[in-house]
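Step one of this worksheet: look at the structure below.
The values are calculated or read from the model by the stated rules, or taken from the named source; none is laboratory data. In this text, all values refer to a predicted model and were calculated from it rather than measured experimentally. Backbone-built Cβ (ideal geometry, glycine too); neighbour counts: all protein chains shown. Quick note on the areas: whole protein, heavy atoms, side chains included, nothing else; ligands and nucleic acids left out. Shrake-Rupley method; radii C 1.70, N 1.55, O 1.52, S 1.80 Å.
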Number of protein chains: 2
Amino acid sequence: MINETYKSMLGAKSVIRELSEYATARGKEIGYENVFDFSLGNPSVEVPREFTDEMIRLLQEEDTMTLHGYTPSLGNAMYKEAIARSLNERFGMNYGPEHIFPTTGAAGAISHAVREVTKPGDEVLAFAPYFPEYGPYITGAGCELRVVPADMSSFQINFEALSEMISDKVMAVLVNTPNNPSGIAYNTQTLEKLSSILKEKSAEYGHTIFLLSDEPYREIVFEGADAPYVSRFYDNTLSCYSFSKSLSLPGERIGYVAVNPACEGADVIVPMCGQISRGTGHNCPPSIIQQAVAKVCGMTADLSVYETNMNIIYDTLMDLGFTVVKPGGTFYIMPKALEESAVEFCRKAKNYDLIFVPADGFGAPGYFRMAYCIDTEKVERAMVKLRQFVQEVYR
Amino acid sequence: MINETYKSMLGAKSVIRELSEYATARGKEIGYENVFDFSLGNPSVEVPREFTDEMIRLLQEEDTMTLHGYTPSLGNAMYKEAIARSLNERFGMNYGPEHIFPTTGAAGAISHAVREVTKPGDEVLAFAPYFPEYGPYITGAGCELRVVPADMSSFQINFEALSEMISDKVMAVLVNTPNNPSGIAYNTQTLEKLSSILKEKSAEYGHTIFLLSDEPYREIVFEGADAPYVSRFYDNTLSCYSFSKSLSLPGERIGYVAVNPACEGADVIVPMCGQISRGTGHNCPPSIIQQAVAKVCGMTADLSVYETNMNIIYDTLMDLGFTVVKPGGTFYIMPKALEESAVEFCRKAKNYDLIFVPADGFGAPGYFRMAYCIDTEKVERAMVKLRQFVQEVYR
């Protein structure tokens, strides 16, 4: 019999996808260059030449059976070593390859991490605003996602709400910094305070509350932002990473879980990931991609356009009187709409071919998200449209 | 808190992996050419040149952001169309791209297929001998795997046992033809009878019993074997495929679920796969691999060595008085051991540097599996050793 739970999920269409489809259709009418599509978080910068060169070299020089053969169930050794070395050098950690589990992007990483530290029926906390796919990742493990309300002034953490919501059912707290959709990075003070609360509550309830750190935007950090490495603040941290954004490789599904070597169960967590994979059919990420990324994992695509775009948009928004917190990284910004309903605001913006996403689905009603992973020239033209829109509709 | 279920799974070490590790260690002592390692099902033939050429062409010519960008959540359109066309041409089916869901190999395919047609607590039947990873795929979906005893004379289906074991809790039956570990392909008569029983029992219990067909060895079929396409016999079939063996790409994790267009729920099953992926973190298989395989999905690596090897081994086994059914495909053969305990038999064979796997873990105690995806020259030398072993130990 067809599974009714999955079937019932088919009704709910993604707002982002609907907007993106609208933008594509509208682009066919008026030319795609005239549609200012800020809906999708798809990287807009070239993949580093070194990645492409290494892929071609592997294909030309390596024995095909080794190159495309099964990787060990806990991952390619060269990849794991390269990741550990890169993280140690950049963040002063002491990972060994045995602490790295290769995954199919951050989605694979979070799905494994949640299963590692929970059992069905447990609760996982995340902070608004948050990436809506956290829902399925967590319910897919049989757990309940509970969302801690946002600190709307700075989009750091609402600690009062956090303290109230941690109970003995909470086994993990999931953070995302720099954050999709707000663009905000948690600063040193925030991470210190988070660590101290998690230690205190772990002691109070007699079990470790793990910190799951989703950090695909870790390498997209802007000037002046205080965006330290999360795992340095709290030993019981599993860092979930994807190269989707830093190397512009979202379709190739490559990332990892990095287990803090001082974490509870640090010696068994990666082998347990292998067991979790067996039940979900995950297996390893593709062999050739692991091998190529091993060579370039310390570098990034040229990410500077995102900061350029952010500054243009931020300045325009401020000039137009929007309420907005300046992003510390990512390629998102989340201003407050100019009327109570962000859905209504975004609907009106569409008349100006400005495609924004209401942040209601991210747990921030009244706000909207702009993904500025697009050409700077287009951002500049979009700002003219935005100015026109605001002046005509809201003045 | 660390998940105790996954932690407890760490104790059980895979027999195959242990043997393979032993073979590697032994190879370092006496030279790997002198270790006759029949333990691992790792393809031993070159990837088709056309695949490598297409990969290089994509890397050299395509825009990197399109090439490596997110694929649609239900898969790359070109890949889905190519698969549907290839299956239709070769097997007289009428798949559309909407019936194809790209997965990370057969593991991903089976994991999705099981979740499609069951809910936690249901039962799934498989037939001995069977691939031991079916256990985790099925329990990972919250269901119970029940194993129908083998028909030990021909390794077709023991229909009497099947009929007895189908109850109202059974929502799916999982077959694997050509079969790992026996090498046997289900013939027309077997598939007709299976179809007729499933129809009858579906009617009796008032719900569809789905047929999940795991067929990574579909393209490795030997002369004279009657090995028809499973889905032609039973409408409610989900075919689970991997290119691991046919294109020698096991590390690249590329396969699909193909939904029979006449299947119950055929219009919703692929979209539901997209929902299932969200909860397991599966996402799509890698973008570049989908695109390259789309170009070569109708071809195979040169698989003829497997049949050559099989004939050499089969003739030797018969000559030495083994009880063995001649494989119709794959790169496995499963003879009966020359003493009651196959574990003991394989332990003794190790003294001759012959690495065989006891089939106890496959649900066929007293038998052993030989994976002959190795060079023919080495197979020939192994047969000399096998003859010596049998004569010295069992005569």
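The calculated FRET efficiency for the pair A:Glu223 and B:Ala12, based on their C-beta separation and a Förster distance of 60 Å, comes to about 0.70. Using the Karplus relation 6.51 cos²θ - 1.76 cosθ + 1.60 with θ = phi - 60°, the per-residue 3J(HN,Hα) values for segment B:226-233 come to 9, 9, x, 6, 4, 5, 5, 8 Hz, with x marking Gly and Pro.
Just report the Cα centroid separation between segment A:357-395 and segment A:293-314, whole Å. Using only Cα atoms to place each centre, the spacing works out to 21 Å.
The slack in the chain from A:Asp302 to A:Asp315, taken as 0.36 nm per residue of separation less the alpha-carbon distance, amounts to 2.4 nm.
Among DSSP bridges having both ends in the protein assembly as shown, what percentage is antiparallel? Round to the nearest 5. Restricted to the protein assembly as shown, the bridges split so that about 45 percent are antiparallel. From the square roots a ≥ b ≥ c of the eigenvalues of the alpha-carbon gyration tensor of segment B:135-291, which class results: rounded (a/c under 1.5), prolate (a/b over b/c), or oblate? Oblate, since a/c reaches 1.5 and b/c is not below a/b. Heavy-atom accessible area buried between chains A and B is around 6000 Å² (1.4 Å probe, both sides summed).
Taking only the alpha carbons of segment B:52-111, we obtain Rg and Dmax values of 13.6, 37 Å in that order. Shown for chain A: the carbon plus sulfur share of the solvent-accessible area, taken with all protein chains present and a 1.4 angstrom probe, equals 49%. Sort segment B:114-205 into rounded, prolate or oblate with this rule: let a ≥ b ≥ c be the square roots of the eigenvalues of the Cα gyration tensor; rounded if a/c is under 1.5, and if a/c is not under 1.5, prolate when a/b is larger than b/c, oblate otherwise. Because a/c hits 1.5 or more and a/b fails to exceed b/c, segment B:114-205 counts as oblate. Among complete DSSP H helices in chain B, those whose alpha-carbon atoms stretch at least 20 Å along the helix's long axis and whose mean Kyte-Doolittle hydropathy reaches 0.5 are B:266-280. Shape of segment B:2-123 from its Cα gyration tensor (a ≥ b ≥ c, root eigenvalues): rounded if a/c is under 1.5, otherwise prolate when a/b > b/c, or oblate? Judged from the Cα gyration tensor, segment B:2-123 comes out oblate (a/c at least 1.5, b/c at or above a/b).
Amide H contacts of A:Arg146: A:Val124, A:Leu125, A:Ala126, each under 5 Å away and 5 or more positions distant or on a separate chain (H built 1.01 Å from N in the peptide plane; Pro and chain starts excluded).
Accessible area ranking (1.4 Å probe, heavy atoms, ligands and nucleic acids excluded), largest first, for A:Met272, A:Met93: A:Met93, A:Met272. Rounded to 0.05, the FRET efficiency of the B:Ser167 and B:Tyr32 pair, given R0 = 51 Å and the Cβ-Cβ distance, is 0.55.
Based on the Stokes-Einstein relation at 4 °C and a viscosity of 1.567 mPa s, and on the Kirkwood radius from alpha carbon pairs, the protein assembly as shown is assigned a translational diffusion coefficient of 47 µm²/s.
Think of a 1.4 Å ball rolled over the protein heavy atoms: segment A:92-197 then has 29 Å² of accessible area per residue.
Within 10 Å of each Cβ in peptide B:112-122, how many partner chain Cβ atoms are there on average? Round it to a whole number, please. Provide the component values of the computation, followed by the final result.
Numbers: counts 3, 1, 2, 6, 5, 3, 3, 6, 4, 0, 2.
Shielding by partners across B:112-122 averages 3.
For segment B:122-271, the share of DSSP beta bridges that are antiparallel, to the nearest 5, is 20%.
Other chains near A:248-258: what is the mean number of their Cβ atoms within 10 Å of each residue's Cβ?
Mean partner-chain Cβ count within 10 Å for A:248-258: 6.
For chain B, the share of DSSP beta bridges that are antiparallel, to the nearest 5, is 45%. In segment A:244-317, the alpha-carbon atoms span a convex hull of 170 Å³ per residue.
Viscosity 0.692 mPa s, temperature 37 °C: what is the translational diffusion coefficient of segment A:1-50 from Stokes-Einstein with a Kirkwood Rh over Cα pairs, rounded to a whole number of µm²/s? Working shown, then result.
Values: Rh = 13.8 Å.
D, rounded to a whole number, is 239 µm²/s.
With label points defined 7 Å past Cα in the direction of Cβ, position A:Glu380 shows copy-to-copy spacings of 7.2 nm, given to one decimal and shortest first. Please identify which residues in segment A:100-114 have an amide N closer than 20 Å to a label point set 7 Å out from the Cα of B:Glu4, following the Cα→Cβ vector. Only A:114 fall inside the zone, counting backbone N under 20 Å.
Counting only DSSP H runs of at least 4 residues, each contributing -39500 (n - 2.57), and dividing by the residue count of chain A, the helix-based mean residue ellipticity at 222 nm comes to -13000 deg cm²/dmol.
Rounded to the nearest 0.05, what FRET efficiency is calculated for B:Ser153 and B:Glu344 with R0 set to 22 Å and r the Cβ-Cβ distance? The calculated FRET efficiency here is 0.40.
So how much slack lies between B:Glu21 and B:Ala262, counting 0.36 nm per residue of separation and subtracting their Cα-Cα distance, in nm? Full extension from B:Glu21 to B:Ala262 adds 82.2 nm. Inter-chain neighbour count for A:360-369: the average number of beta-carbon atoms from partner chains within 10 Å of each residue's beta-carbon is 0.
Here the Debye sum runs over all C-alpha atoms of chain B as equal scatterers in vacuum, and log10 of I(q)/I(0) at q = 0.07 Å⁻¹ comes out as -0.33. Summarising the amide proton neighbourhood of B:Met93: residues at separation of 5 or more, or on other chains, whose placed amide H is nearer than 5 Å comprise B:Asn88. Its alpha carbons considered, segment B:225-373 gives a radius of gyration followed by a Dmax of 19.7, 56 Å.
When the Cα centres of segment A:8-69 and segment B:28-73 are compared, how far apart do they sit, in Å? Going from one Cα centre to the other spans 22 Å. In segment A:45-85, the residues that give up 50 Å² or more of accessible area when the other protein chains are added, compared with the chain on its own (1.4 Å probe), are A:Glu46, A:Ile56, A:Leu59, A:Thr64, A:Met65, A:His68, A:Tyr70.
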